[in-house]
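The values are calculated or read from the model by the stated rules, or taken from the named source; none is laboratory data. Every value quoted in this text rests on a predicted model; they were computed, and no experiment measured them. Cβ: placed from backbone, ideal geometry, glycine included. Neighbour counts: every protein chain shown. Accessible surface is based on the protein model in full, side chains and every heavy atom, while ligands, DNA and RNA are left aside. Shrake-Rupley method; radii C 1.70, N 1.55, O 1.52, S 1.80 Å.
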Amino acid sequence: MIDVKGLIGGTSAFGIISNDKEKGSLSHAYLIITPDKRFLGEYLKIFAELIICQNGHACGKCRNCKLVDSNTHPDVFFYPESDGAVVTEDVNNIISESYIKPIEAPTKIFVIKGAENMTVQAQNKLLKTLEEPPSNTCILIGATNSYQLLPTLKSRVKKLEIPAFSHERLFEALKDECPDADKLHLAVS
């Protein structure tokens with residue numbers, strides 16, 4: 001199985017959020033752009049673990065990381081709940097929930113996957129929360145591109161990019177799964 005956490009852990013986006021956490025200066029919102037639509041949700045989950053981890057850097061072993069991984073952490077919310085687009089009702093939920101103090105963690109996290117499909121009405125509704133974010137709240141917005149996002153929304157978040165992984169990085173992440181290097185090179189290509 002591919003070591004997604006290892007791949008993400010080596011990105012500048014992971015380093016930036018990790019550094020922000022260590023300094024105690026997490027942004028209220030991050031826009032994470034990656035062309036990898038298939039793993040976008042997994043990437044966002046890793047960033048949520050990073051922010052909420054009790055041991056520092058998305059250890060995957062502490063209570064918070066395990067709860068995030070199983071989508072059961074009481075302070076981490078994932079949108080949309082189905083495979084559709086984020087709609088106004090989702091944003092209404094984010095807004096109302098963001099003003100309630102976290103239950104277990106120091107920060108409440110809202111994860112929005114596929115923001116490029118977010119309706120214009122939902123984006124406009126989210127702007128107020130991005131302009132005046134409640135304390136102890138972080139919004140992770142993931143998208144495969146930012147073209148459909150409103151300029152006003154993009155101006156209120158910290159934008160991070162995860163480019164496509166190089167052939168070499170993918171080969172290293174998968175080499176334990178396939179002992180035949182020639183076949184693996186072909187597959188990675």
Inset, instruction - Please turn the phi angles of the stretch 101-109 into ³J(HN,Hα) values with the Karplus equation 6.51 cos²θ - 1.76 cosθ + 1.60 (θ = phi - 60°), one per residue in order, whole Hz, x for glycine and proline. - result: 4, x, 8, 10, 9, x, 10, 9, 10
Inset, instruction - Would you work out if the stretch 118-189 is rounded, prolate or oblate? Take a ≥ b ≥ c from the square roots of the eigenvalues of the alpha-carbon gyration tensor; rounded if a/c is under 1.5, else prolate when a/b is larger than b/c, oblate otherwise. - result: prolate
Inset, instruction - Hey, for a label at L184 modelled as a point 7 Å past Cα toward Cβ, could you say which residues of the stretch 1-17 have their backbone N under 12 Å away? - result: 1-3
Inset, instruction - Would you kindly state how much longer the chain becomes between N117 and R169 on full extension, computed as 0.36 nm times their sequence separation minus their alpha carbon distance, in nm to one decimal? - result: 15.8 nm
Legend entry - Beta bridges by DSSP in the chain, antiparallel share as percent, to the nearest 5: 0
Legend entry - the chain: calculated mean residue ellipticity at 222 nm from DSSP helix runs of at least 4, using -39500 (n - 2.57): -12000 deg cm²/dmol
Legend entry - Convex hull per residue volume in Å³, alpha carbons only, for the stretch 53-161: 108
Inset, instruction - Please work out the Cα center distance from the stretch 1-18 to the stretch 52-119, rounded to the nearest Å. - result: 19
Legend entry - Option label - log10 I(q)/I(0) by the Debye sum over Cα atoms at q = 0.09, 0.19 Å⁻¹ computed here, alternatives (i) -0.32, -1.46; (ii) -0.42, -1.49; (iii) -0.33, -1.33: (iii)
Legend entry - Accessible area per residue in Å² at 1.4 Å probe, computed on the stretch 47-179: 51
Inset, instruction - With the full set of protein chains in place, find how many percent of the accessible area of the chain is carbon and sulfur; take the probe as 1.4 Å. - result: 51
